[in-house]
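Trainee: Pasting in a structure now, in structure tokens, and then I'll have a few things to ask.
Any read-out appearing in this document is the output of simple, stated calculations on the displayed coordinates, not a laboratory observation. Only a predicted model underlies this, so the values are computations on that prediction, with no experimental measurement involved. Glycine gets a Cβ as well: all are built from the backbone with ideal geometry, and neighbour counts include every protein chain shown.
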Amino acid sequence: MKGKSIKTVVALLTVLVTSCGEPETVVTNIVHPDGSVTRKLEMRSEDGEIEMADVQVPFDSTWTIRDSIEIDEDGDTTWVKRAEKFFASFDVINMDYMADSSSNSGIKRRTEFARKFKWFNNEYRFAEVIENTMSNGYPVSDFMNEEELDWFYSPDDVVVDKLSGPDSLRYKALSDTVDDKTDKWIYKSLVSEWIASIAELAKGKQGVDEIVEKFKKNEEHITNLIIEEKFDSLWSSGIIFKEMIGEENALRFQADADSALENIENLFMIDFEYYTVRIVMPGEIIGTNGFIDSTGVPLWPTNSNYFLTEPYVMYAESKTPNRWAWIFSGIFLLFVLAGIVFRIIRK
Amino acid sequence: MESEEKKYQKILNILKKSKPDLQNTSEMEENVINMILQKKRTKDRSYNILDFIFGWVYVGWMRKALITASIIIVVVFVYQQTVILRRVSRLDNRTMIIENQMFSGSKDEDGRILFYRLSGQKLPAKSIIISEKQLDQIMESYNELEEKYSDLIKLIEEDPELKNYVEEKLSEKNRKKLNL
């Protein structure tokens, strides 16, 4: 069964792979202290000129665009498109996201900005958020510990480097564990979403609550069946359904269950082209959940798994000192101290 | 010795009696008085400025309020700096520094493949896009698997007894599957 599945997938992939020419894109948000943002895009493609529709984030002719071609030592050509636009506030970026016609228009994205006055410092927080596609799934953090989560959120570059570098055996074991846990997480979330979808579709039908309850109780069991790769045959033969909810109910709810599976497929089949997000913050960085590049700027990879069941929040926090507050506080402290000394002398 | 003492007393008496004849004594007197008054006035003025600046030290509630405010400022400063330093050090420990400014590749198709394995559906044409690197990885894994199991399959095929045993086990497994 396993061999067959792998062979089928490999064969299909070999035949159906149609393209791998999406541009490598990096989105850089330069956040200013007043909340305005200069957004820069850099797109690189080795497969010819980059079309606007290929770009992973909202982008149009109102941007300042520069096209160039780079030819390396081997004579390979890379088409580079650079674009830049000033946004008066994060709300304007969100408006662009709402009218998104990019290659990733199927997903919901937004930005957040917050500034806090804390007397000695001003603190800033900027975040790019990709909303979750499933609403009934489980958080990945329920399945993995901190080290595994770090691995899960690592981009391929980092993973490949670690797997081929020193301590590769340890990383291989970690990678295998994360893969297994990822499977379990996805399957369990999928089953949960499927059950919720059945409940929604069969709403109002007699006995639906009881059926949903039975499925909920068997959620773990169904997940294990999928992991053991027994689900395909049992589902197509209708055995799962009959065993869990009885033959009569199986007949009544079969259509809803099939429709529910299609609904999940729609959630799962959202086209998503990965890209890199960078955030340049004002002042000194004091918090982020991303990686730090060689220039000290936080950056994040994107992947559809990251926002499957929870919003993927890419945030950076920074601070700038309020010089005047430091000077004022210093003078005030000296004044009070001098007053105390003066009193002691006069006594 | 005694005569010397007498001589000294005599000279002293003569000097005492012959006082200098001072002119403008009133002017001198006035000058001396002015000098003394000026010194006193300067002393008074400096005392008033300091008292004016630090007068609050003699007002109980004001003294307490300003000292409390100073303590609050110091506490807030120490707390804020500690929190910031802690966050920065946590950032140093957690964050990985990498050379790249752009990530390449992604494991984006994993979920889709899982879904198709779950639902037993076929992958529709045009809806799957994977990178060459990912395709290479899949092919490598497939070859590795094929290589790993080829010896085993050969071994089973060559031994009829083993073949029967495996077939029996497989059918047993299938029966179990149906008896959920």
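Trainee: Any idea what the dipole of the stretch B:28-94 comes to, in debye rounded to 20, about its Cα centre with Lys/Arg Cβ at +1 and Asp/Glu Cβ at -1?
Mentor: Dipole of the stretch B:28-94, to the nearest 20 debye: 520 debye.
Trainee: How long are the semi-axes of the ellipsoid equivalent to the stretch A:168-268, from square roots of 5 times the Cα gyration tensor eigenvalues, in whole Å, largest first?
Mentor: Semi-axes, largest first: 30, 14, 11 Å.
Trainee: Say we join alpha carbon atoms closer than 10 Å with springs in a Gaussian network model of chain A; which of A:285, A:239, A:93 then has the biggest fluctuation?
Mentor: Comparing A:285, A:239, A:93 in a Gaussian network model of chain A, the most mobile one is A:239.
Trainee: In the stretch A:36-121, if every C-alpha pair distance is counted and binned at 10 Å from zero, what percent goes to each bin?
Mentor: Spelled out per bin, shortest first, that is 15, 39, 26, 14, 5, 1.
Trainee: Report the FRET efficiency, 1/(1 + (r/R0)^6), for residue B:169 and residue A:131, where r is their Cβ-Cβ distance and R0 is 51 Å, rounded to 0.05.
Mentor: Given R0 = 51 Å and the Cβ-Cβ separation, E is 0.60.
Trainee: As I understand it, the value is the acute angle between the Cα axis of helix A:2-16 and the longest principal axis of the Cα atoms of chain A; what does it come to in degrees, rounded to 10?
Mentor: 70
Trainee: Over chain A, one equal point on each Cα, no solvent: what is log10 I(q)/I(0) by the Debye formula at q = 0.10, 0.14 Å⁻¹?
Mentor: -0.81, -1.27
Trainee: Still on this structure, I have one more. Of the options A:251, A:186, A:224, report the single residue whose Cα projects farthest towards the positive end of the charge dipole of the stretch A:128-255 (beta-carbon charges: Lys, Arg +1; Asp, Glu -1).
Mentor: Toward the positive end, the furthest listed residue is A:251.
Trainee: Hey, can you grab everything whose amide H is under 5 Å from the amide H of residue A:121? Only 5+ residues off in sequence or another chain; H modelled, so Pro and N-termini drop out.
Mentor: Residues meeting the criterion, in which the H sits 1.01 Å from N, are A:322.
Trainee: Determine the dipole magnitude for the stretch A:281-347: charges of +1 sit on the beta-carbon of Lys and Arg, -1 on that of Asp and Glu, nothing else is charged, the reference point is the Cα centre, and the result goes in debye to the nearest 20.
Mentor: 860
Trainee: While we're on this one: Just tell me how shielded A:220-226 is by partners: mean number of partner chain Cβ atoms within 10 Å of each residue's Cβ, no decimals.
Mentor: 1
Trainee: Name the residues whose placed amide hydrogens come within less than 5 Å of the amide hydrogen of residue B:98, ignoring near sequence neighbours (fewer than 5 apart) on the same chain.
Mentor: A:292, A:293, A:294
Trainee: Restricting to chain A, compute how many DSSP beta bridges are antiparallel as a %, nearest 5.
Mentor: 90
Trainee: Where nothing but the Cβ of Lys and Arg (+1) and of Asp and Glu (-1) is charged, how large is the charge dipole of chain A around its Cα centre, in debye to the nearest 20?
Mentor: 2320
Trainee: Run the Debye formula on the Cα coordinates of the stretch A:189-347, all scatterers equal and no solvent, and tell me log10 I(q)/I(0) at q = 0.08, 0.15 1/Å.
Mentor: -0.51, -0.90
Trainee: Separate question: Take A:52, A:134 and order them by how many other Cβ atoms sit within 10 Å, fewest up front.
Mentor: A:52, A:134
Trainee: Could you tell me which of A:335, A:305, A:325 has its Cα farthest along the dipole of the stretch A:218-347 towards the positive end, charges placed at Cβ (Lys, Arg +1; Asp, Glu -1), taken about the Cα centre?
Mentor: Sorting the options by dipole projection puts first A:335.
Trainee: Determine, from the Cβ-Cβ distance of residue A:100 and residue B:146 and an R0 of 41 Å, the FRET efficiency 1/(1 + (r/R0)^6), rounded to the nearest 0.05.
Mentor: The formula returns an efficiency of 0.40 here.
Trainee: Now a separate question. How would A:300, B:61 line up from fewest to most surrounding beta-carbon atoms within 10 angstrom?
Mentor: Fewest-to-most Cβ neighbours within 10 Å comes out as B:61, A:300.
Trainee: Which residue, B:78, B:68, B:36, has the largest displacement toward the positive end of the dipole of the stretch B:28-94 when charges sit on each Cβ (Lys, Arg +1; Asp, Glu -1)?
Mentor: Most positive-ward Cα: B:78.
Trainee: Can you list the aspartates and glutamates whose alpha carbon sits under 15 Å from that of residue A:108, skipping same-chain ones fewer than 8 residues off?
Mentor: A:91, A:96, A:100, A:128, A:131, A:271, A:273, A:310
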